[in-house]
Each structure stands twice: as C-alpha cells, then as structure tokens.
Amino acid sequence: TPESAEVIDESPRSIADGFISYLVGCSFGRWDIRITRSGWKQGGDIDPFAPLACCPPGFLREDAAKLLNNGSKEPYPIRVFTSGVVAENTSESDDLANNVEKSLRYVFNSGSDSKEQDLLSKLEFDSVRDYIRKPTGFFADHLQRYSKSRRKAPIYWPLSTASGSYTLWVYYPSLNTQTLFSAINDFIDGPNGKLTQVSRECAELRMMGSSRSRDQEKQFETLQTFEQELTDLRDTLLKIAPTYQPNHDDGVQITAAPLWPLFRHKPWQKITKDTWTKLEKGDYDWAHLAMTYWPDRVREKCKMDKSLAIAHGLKDLYLEPETAPMKARGKKKAGANE
C-alpha cells in the first residue's frame with residue numbers, strides 16, 4: 001500500500017463510534033433516519049439519468065424536518081434540533097443523549113437493548129450518556145474521525161462549564177450570528193433555562209437557613225458551585241456573542257477559535273487557542289473573522305496586498321505601487337567603440 005493512501009479504521013470501536021456519530025447527525029438533521037428502515041425510499045425511485053443531487057444520499061432534506069409538527073399521520077420519528085444547539089444534561093428528556101438512545105430504539109426496534117449493550121462494550125463505556133458526556137468519549141472519537149493530515153474539522157462542538165457538568169452541543173453547519181444568543185436564551189437564561197432553574201433551587205434552600213438537613217446542606221453547596229459555573233458559561237458566551245460573526249469559508253478551526261475557553265477536550269482546546277493566538281498576531285488576516293475583530297489592521301494590509309484586498313472585497317483599497325520611469329536610451333554614436 002502506498003504511504004500516501006488513507007488507512008481506514010475498521011476496528012470494532014471505530015465502527016461503533018461511527019454509528020453513534022451517525023445518530024448524532026440524525027439528531028441535528030444532518031441525516032434522514034428513516035432510511036434505516038427497510039422499504040423506505042428517499043425521494044422515490046432512483047433515476048439513473050437524473051442530474052447529480054445537491055446533497056449526499058441519506059441527507060435530511062429541509063421539508064422532512066418540518067414533518068415534526070405538521071400533524072402528519074406519519075410524523076418524523078425522532079426529535080430534530082433544527083436550531084443547531086442542544087443541551088446535554090441528565091434532567092432533560094429531549095437532550096442529546098436521550099435523543100440518541102431514542103434513535104437507537106427506532107433503528108433496532110425490539111432488539112435495541114442488546115444492540116446498545118454491544119455498542120457500549122465496543123466503546124468501553126457504561127452508557128450512551130457517559131460516552132457523549134466525557135471529553136475522552138464521543139468528541140475525542142469525532143475529532144479523530146474528522147481529521148485528516150493537518151486538517152482538523154469536527155462539526156459537533158461541545159461548549160461546557162469548567163467542570164464539564166453542563167454542555168451545549170453546537171452543530172457547525174447551522175452556526176450563524178444568532179446561535180450563541182439562542183444558546184443563552186433557550187438553554188441558560190430564560191424561563192426554562194438551566195441557570196434559572198438552578199438559581200431557583202438555590203434560593204429555596206437558602207431561605208431554609210439553619211433548618212437545612214445535612215443532605216440539604218451538601219445539595220446546597222453543590223448547587224451553589226453549579227450556579228457559579230453556569231453563570232461563568234453564560235458570561236463567557238455573552239462576551240463572545242455580540243462580535244461573533246462566523247463564516248464557513250474560514251473553515252472549522254478559525255471559526256471555533258474565539259470559543260476556545262469553552263472546550264474541555266484538551267487537544268482541541270489547544271488547537272483552537274493556538275489558532276486564536278495566530279489570529280491575534282495577524283497570521284490569518286485573509287479570514288473574514290480577522291476583518292470582524294481587527295478591521296483597521298486588515299484594511300491597512302489590504303492597501304499593500306492585492307490578494308488580501310480581493311479576498312475581503314476591498315480591491316479599491318489596494319494602492320498600486322508607483323513604477324519607476326524608464327530612462328531614455330540614447331543613440332549609439334558611430335565609432336564610439338572603435
């Protein structure tokens with residue numbers, strides 16, 4: 001085999017984590033889970049002479065996602081997180097881990113329990129939730145699967161509290177300027193936000209004062225720590241969100257770089273932090289994100305760098321260098337060299 005050939009990992013663990021990755025993709029609306037059932041065809045019969053489709057086979061089309069709430073006799077079988085953000089938390093019935101488990105039951109029907117145990121034994125984790133929650137689990141495998149040569153491009157991003165006690169999963173292809181605001185309003189603050197819930201529980205225990213039992217005292221201390229971590233997560237997101245303007249043309253690493261303090265997987269955190277440092281230094285001033293954060297510096301460079309000016313649509317800023325006037329060549333006098 002040539003050294004340049006890609007080695008495909010067909011180990012039992014790789015096959016298992018690939019299947020979980022597929023189910024996570026179904027949860028975010030990347031793949032259409034109905035194709036796992038025999039007899040169901042996406043888009044009817046295949047025409048071999050039809051033009052190539054704009055998306056790969058098995059992709060969930062936009063109209064399919066709307067089947068969730070349209071009153072159809074055959075609603076879409078699982079929850080699809082169309083906003084591109086979902087929480088991962090034990091107390092929520094529609095979080096990512098629960099949705100993956102529901103997807104398993106849909107795919108394998110009556111044999112889902114044995115299939116789940118078989119997958120977990122290959123992954124060497126006790127539960128689907130543990131596998132998704134721990135940085136050494138799903139995200140580590142996902143990062144490896146979506147890395148090639150020096151390119152690392154994971155599309156499912158875990159944004160977590162300091163201890164990893166609460167995580168928001170973000171789907172990169174759906175990322176836009178409102179995603180972080182949606183994460184704050186829908187999952188942290190807001191009437192049903194996690195921070196709102198925890199703060200309420202803390203307030204109730206605080207009001208009990210000295211009448212708290214030993215167990216309630218421990219619960220109070222735990223909740224206070226959790227409340228502070230959620231507050232820090234919200235504050236960090238609020239700091240980043242107003243100026244965060246992701247552009248998919250920049251690529252995954254650059255787009256993820258401003259979020260580096262919220263990644264708990266150490267290798268990925270290091271990659272994104274280093275990328276952010278290079279962005280600050282001006283190494284990636286061709287990126288749209290660089291123009292967002294350091295417009296004066298980038299515009300100044302555009303005056304001297306034509307390719308940079310074109311990349312940012314600022315060709316008018318480029319200043320053509322003055323060409324030195326050519327010296328007139330005098331006529332050679334006859335017999336000068338004789």
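Taking 8 Å as the Cα distance limit and 6 or more residues as the minimum spacing, I'd like the relative contact order of the stretch 160-301 as a percentage.
Working: 128 pairs, mean separation 34.6, N = 142.
Normalised by residue count, the contact order of the stretch 160-301 is 24 percent.
Determine, for each peptide in 129-139, 206-216, 114-124, the mean count of other beta carbons within 10 angstrom over its residues, then list the peptides with the highest first.
Numbers: 129-139: 19.7, 206-216: 9.5, 114-124: 14.9.
Ranking, from highest mean packing down: 129-139, 114-124, 206-216.
Please list the radius of gyration and Dmax for the stretch 120-187, considering alpha-carbon atoms only, with Å as the unit.
13.6, 40
Which pairs, out of Lys152/Lys278; Lys239/Lys273; Lys152/Lys270; Lys122/Lys152; Lys148/Lys306; Lys281/Lys301, put more than 20 Å between their alpha-carbon atoms? Don't jump to the answer; show the numbers that get you there.
Working: Lys152/Lys278 16 Å; Lys239/Lys273 16 Å; Lys152/Lys270 12 Å; Lys122/Lys152 25 Å; Lys148/Lys306 31 Å; Lys281/Lys301 13 Å.
Table pairs above 20 Å Cα-Cα are Lys122/Lys152; Lys148/Lys306.
Rounded to a whole number, what % of the accessible area of the stretch 158-251 do carbon and sulfur atoms account for, probe 1.4 Å? Could you put the intermediate results ahead of the total?
On the way: 2330 of 4860 Å².
Here carbon and sulfur together make up 48 percent of the probe-accessible area.
Rounded to the nearest Å, what's the spacing between the alpha carbon centres of the stretch 307-321 and the stretch 102-180? Just the number, please.
If you average the Cα positions of each part, the centres end up 42 Å apart.
Can you pull the three principal axis extents for the Cα set of the stretch 177-216, in Å, largest first?
Taking max minus min along each principal axis of the Cα atoms, the stretch 177-216 gives 47, 15, 11 Å.
With a probe of 1.4 Å, find how much accessible area the stretch 168-269 has per residue, and write the answer as a whole number in Å².
Details: 5150 Å² over 102 residues.
With all protein chains present, the stretch 168-269 gives 50 Å² per residue.
Given the convex hull over the Cα atoms of the stretch 122-280, what projected area results after averaging over all orientations, in nm²? Don't jump to the answer; show the numbers that get you there.
On the way: hull surface 45.8 nm².
In nm², the orientation-averaged hull projection of the stretch 122-280 is 11.5.
Any number yet on Rg/Rh for the stretch 215-291, C-alpha, Kirkwood? Numbers along the way, then the final one.
Working: Rg = 16.4 Å, Rh = 14.2 Å.
Answer for the stretch 215-291: 1.15.
Among Asn192, Ser210, Ala153, which residue has its Cα positioned farthest towards the positive end of the charge dipole of the stretch 94-220, with +1 placed on the Cβ of Lys and Arg, -1 on the Cβ of Asp and Glu, and the dipole taken about the Cα centre?
Result: Ala153, furthest along the dipole toward the positive end.
The values are calculated or read from the model by the stated rules, or taken from the named source; none is laboratory data. Just so we're clear, the structure is a prediction, and the values are computed from it rather than from any experiment. Quick reminder, even Gly has a Cβ in these numbers, built from the backbone with ideal geometry, and neighbours come from all protein chains shown. Note: areas computed on protein heavy atoms with side chains; ligands, DNA, RNA excluded. Shrake-Rupley method; radii C 1.70, N 1.55, O 1.52, S 1.80 Å.
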